[in-house]
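Take a look at the structure set out below.
Read-outs: derived from the displayed coordinates by stated rules, not from any lab. Being a predicted model, the structure only gives us computed values, none of them experimental. Cβ atoms come from the backbone with ideal geometry, glycine included; neighbour counts cover every protein chain shown.
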Amino acid sequence: MEAPIPEAILWDDWHAVAELETVRQWDQITTTLFGRDLTVTDAAPGVRIAYADGSKTLPASIKYGLVWTCLGTPQRDVIDFPESAEPDRYVISTGSFGIRVSGLRLVENFLDIAHFPYVHTGYLGVESSPQVLPYTVRVTDEDEILVTDCRFLQPQSSPVSTGSLDVGYLFHVLRPYTVLLKKTNAVEPDRSDTIVLFVQPVDEERCVGHTLVMSLHAGDPDEACRWFQRLIIGQDRRILENQRPRRLPLDLKSELPVRADLASITYRRWLLDHGVRYGAIAP
Ligand SMILES: [Fe+2]
């Protein structure tokens, strides 16, 4: 049976489907997007992406060390981040991680700071200090979700941190499967590092999270950055794969809203308003 076609807002957008380095290394890889098997073939300097059964060649793009495609008709470009052009930043693809859960749940987890002390103990939080201070959430004129004024005490906020830091956070949901955070740089506390999560929906209950770090040169060297992201997302994976249902319920009454969940409630409502049902459970 043919896999269902998701809503146009998802189908007609670009999605990261592989790290370029992996494609160059193996010449050809297979992957799955919205339940459709694809082949990604090294065709340096570019790549060729097609349905695995050879029925159709798909648009292909390379950006941020990642390979992108669109199964529908792209309505806009692969997302652009102004800070990726700043000369004193690394722009590093820091790994792709398969997780057995809806991609929407992975985005929601990324937005949730309340889990830091329990899931990322000793790195992004401490169990003795679990309070989430009030923060602000709004939907911008560009129809994106912006979460500001978050602060969290972190024992090891990044690979280069040398002690506890009161870390300021900003979260930004730009598209249903694209979310970033900016957090205080451990070496230059008046500037921020950016970490982006691009979610590849494999199907409604499985996804791949592709991570991108844009950090200051004063900060993390390449390998330490990859190691740190792998550590953190490995901790998240254990929690995420135990979540039931695997799809994200959009019924706001099904999980008790508390102040700390404001970002997650806003994300669910925003998905509902945009008609996103793929990987979700509609109310
Ligand atoms: Fe986490």
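³J(HN,Hα) across segment 226-238 via Karplus (A = 6.51, B = -1.76, C = 1.60, θ = phi - 60°), whole Hz, x for Gly/Pro?
Going residue by residue, I get 5, 4, 5, 4, 5, 4, 5, 6, x, 5, 5, 4, 4 Hz, with x marking Gly and Pro.
With a/c under 1.5 counting as rounded, go ahead and sort segment 8-69 into rounded, prolate or oblate using the C-alpha gyration tensor (a ≥ b ≥ c being the square roots of the eigenvalues; past the cut-off, prolate if a/b is larger than b/c, else oblate).
Values: a/c = 1.82, a/b = 1.28, b/c = 1.42.
Judged from the Cα gyration tensor, segment 8-69 comes out oblate (a/c at least 1.5, b/c at or above a/b).
Amide H to amide H, which residues 5 or more places from Ala52 or on other chains are under 5 Å from it, using H placed in the peptide plane?
Asp37, Leu38, Thr39
Cut-off under 26 Å on the C-alpha distance; same-chain residues fewer than 8 positions from Lys182 excluded. Which lysines are left, in chain and number order?
Correct list for Lys182: Lys63.
Let me know the charge dipole size of the chain about its Cα centre in debye, to the nearest 20, where only the beta-carbon of Lys, Arg (+1) and Asp, Glu (-1) is charged.
Values: 28 positive and 39 negative charges, 134 e Å.
Value, rounded to 20: 640 debye.
Could you work out, for segment 29-131, what percent of all Cα-Cα pairs fall into each 10 Å distance bin, beginning at 0 Å and stopping at the bin that holds the largest distance?
Final binned percentages: 11, 29, 33, 19, 8, 1.
How charged is the neighbourhood of Leu240? Take every other residue with its Cβ under 10 Å from the Cβ of Leu240, and add Lys/Arg as +1 and Asp/Glu as -1. Walk me through the numbers before you get to the answer.
Details: positive: Arg100, Arg105, Arg237, Arg238, Arg246; negative: Glu108, Asp236, Glu241.
With Lys, Arg at +1 and Asp, Glu at -1, the net is +2.
Mean residue ellipticity at 222 nm from the helices of the chain, using -39,500 (n - 2.57) per DSSP H segment of n ≥ 4 over the full residue count, to the nearest 500 deg cm²/dmol?
On the way: 6 runs with 55 residues, N = 283.
Roughly -5500 deg cm²/dmol at 222 nm, from the helical runs in the chain.
Would you give the gap between the C-alpha center of segment 78-151 and the C-alpha center of segment 8-44, rounded to a whole Å?
Cα centroid of segment 78-151 versus Cα centroid of segment 8-44: 24 Å apart.
Taking N as the number of residues in segment 103-233, what is its alpha-carbon radius of gyration divided by 2.2 N^0.38 Å?
Numbers: Rg = 14.5 Å, N = 131, 2.2 N^0.38 = 14.0 Å.
Here the answer is 1.03, to two decimals.
Under a crude label model (7 Å from the Cα following the beta-carbon direction), how far is Glu205 from Gln25 in nanometres?
In this crude spin-label approximation the distance works out to 3.0 nm.
Could you identify which residue out of Ala85, Ala114, Ala224 has the top mean-square fluctuation in a GNM of the chain using Cα springs shorter than 10 Å?
Of Ala85, Ala114, Ala224, the most mobile in the Gaussian network model is Ala85.
Provide the per-residue ³J(HN,Hα) series for segment 70-80, in order, calculated from phi with Karplus coefficients 6.51, -1.76, 1.60 and θ = phi - 60°, each as a whole number of Hz, with x at glycine and proline positions.
Here the 3J(HN,Hα) series is 9, 7, x, 10, x, 9, 7, 7, 4, 4, 10 Hz.
Determine Rg/Rh for the chain; Rg is computed over alpha-carbon atoms and Rh is the Kirkwood hydrodynamic estimate from the same atoms.
Radius of gyration relative to Kirkwood radius: 0.95.
For Thr57 and Glu83 in the same chain, what is the full-extension length gain: residue separation times 0.36 nm, less their Cα-Cα distance, in nm?
Working: separation 26, 0.36 × 26 = 9.36 nm, distance 3.21 nm.
Using 0.36 nm per residue and subtracting the Cα-Cα distance, I get 6.1 nm.
Please name which of Gly279, Thr148, Leu212 has its Cα lying farthest along the dipole of the chain towards the positive end, using unit charges on Cβ (Lys, Arg +1; Asp, Glu -1) and the Cα centre as origin.
Among Gly279, Thr148, Leu212, the one farthest towards the positive end of the dipole of the chain is Gly279.
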